[in-house]
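To start, the structure under review is shown below, and the notes come after it.
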Amino acid sequence: FNNQILFKLAMSYFVLVFGIGIFQSIQFYYLSKVLNVSPYTIGMIISVGNIGLVVASVSSLKISDTIGMGKTIILSFILYAVGFTLYYLSSEESTLSLFVATMCIGAAMPLYNVNATTIRQSNVDLSMLGSVSAIWRIFGRGLIPLGATIGGGISTYFSIKMAILISVIIVLLGLSIVLFSDELKKYT
């Protein structure tokens, strides 16, 4: 709570993983049952889409050296938001947008994780690093099942599209936290 960078980073992360939980709980159902994408094409979307993950993993250091770690984290939130939005806007005919969406989501993950971990490690005393990492994991990973449960409920009582839209809104909320953090934007 005393470190504004870590506090805003933590709050944005907890919001982000909650949105990810909602999205992941319905992603494959949405692809197969709502968009009527074949199992083969779903496999291709996920496989080819994960090229974004590989490219971002390899280039994360170069990107953060170029624009700074804080701005790279902001970029990762933007990529999540773009990916989720493309899923929301997709139709049965828009397979290409699903590839791009999955590439954005895949790229966002290592861009966020590498830089957030580095910021955390450089802002926490070594004696507290284990505790901070544990809190990050418990709240971060603990919110995924909560998001999944809520995503399932929203899709059951309203619609799958509504659940995806809510995940987009939640990710945009997380983006707003990092976007309005002057400390994080300046962090190099």
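Annotations for the structure displayed:
- Answer from F99, F84, F77 - the residue that is among the aromatic types (F, W, Y) and open to solvent by 30 Å² or more (accessible area, probe 1.4 Å): F99
- Some residue of segment 111-127 being at pLDDT 95 or above, buried (at least 17 other Cβ atoms within 10 Å of the Cβ) and among the hydrophobic types (A, V, I, L, M, F, W, C): yes
- Residue match in segment 37-56 (condition: part of a helix (DSSP H, G or I), under 21 Å from T188 (Cβ atoms) and of a type outside the set (A, V, I, L, M)): no
- Qualifying residue in segment 16-26 (condition: touching a helix residue (DSSP H, G or I) at 6+ places or on another chain (Cβ under 8 Å), farther than 30 Å from E183 by Cα, among the hydroxyl-bearing types (S, T, Y) and assigned to a helix (DSSP H, G or I)): yes
- Boolean, V15 is of a type outside the set (D, E, K, R) and open to solvent by 20 Å² or more (accessible area, probe 1.4 Å): yes
- Taking residues in segment 1-15 that are part of a helix (DSSP H, G or I), and partners anywhere that are of a type in the set (S, T, Y) and open to solvent by 70 Å² or more (accessible area, probe 1.4 Å), not one pair has Cβ atoms closer than 8 Å while being at least 6 places apart or on different chains.
- Identity of the residue in segment 134-169, of a type outside the set (F, W, Y) and within 22 Å of Q4 (Cβ to Cβ), that ends up least open to solvent (accessible area, probe 1.4 Å): G140
- Looking across segment 49-71, the residues that are closer than 17 Å to I105 by Cβ, in contact (Cβ under 8 Å) with a residue 24 or more places away in the chain and open to solvent by less than 50 Å² (accessible area, probe 1.4 Å) come down to G49, G52, A56, S60, I63.
- Qualifying residue in segment 89-96 (condition: out of contact with any Leu (no Cβ under 9 Å at 6 or more places or on another chain), crowded, with 23+ Cβ neighbours inside 10 Å and without any contact (Cβ under 8 Å) to a residue 60 or more places away in the chain): no
- All conditions but one from (1) of a type in the set (A, V, I, L, M, F, W, C); (2) modelled with pLDDT under 95; (3) crowded, with 18+ Cβ neighbours inside 10 Å; (4) under 23 Å from L165 (Cβ atoms) apply to I46; the one that does not is (3).
- All positions within segment 1-33 that are out of contact with any Asp or Glu (no Cβ under 6 Å at 6 or more places or on another chain) and of a type in the set (V, I, T): V15, V17, I20, I22, I26
The values are calculated or read from the model by the stated rules, or taken from the named source; none is laboratory data. Quick caveat, the model's predicted, so the values are computed rather than measured. Neighbour counts are summed over all protein chains in view; Cβ atoms, including those assigned to glycine, are modelled from backbone coordinates with ideal geometry. Areas reflect the complete protein model, heavy atoms only, side chains present, ligands, DNA and RNA absent. Shrake-Rupley method; radii C 1.70, N 1.55, O 1.52, S 1.80 Å.
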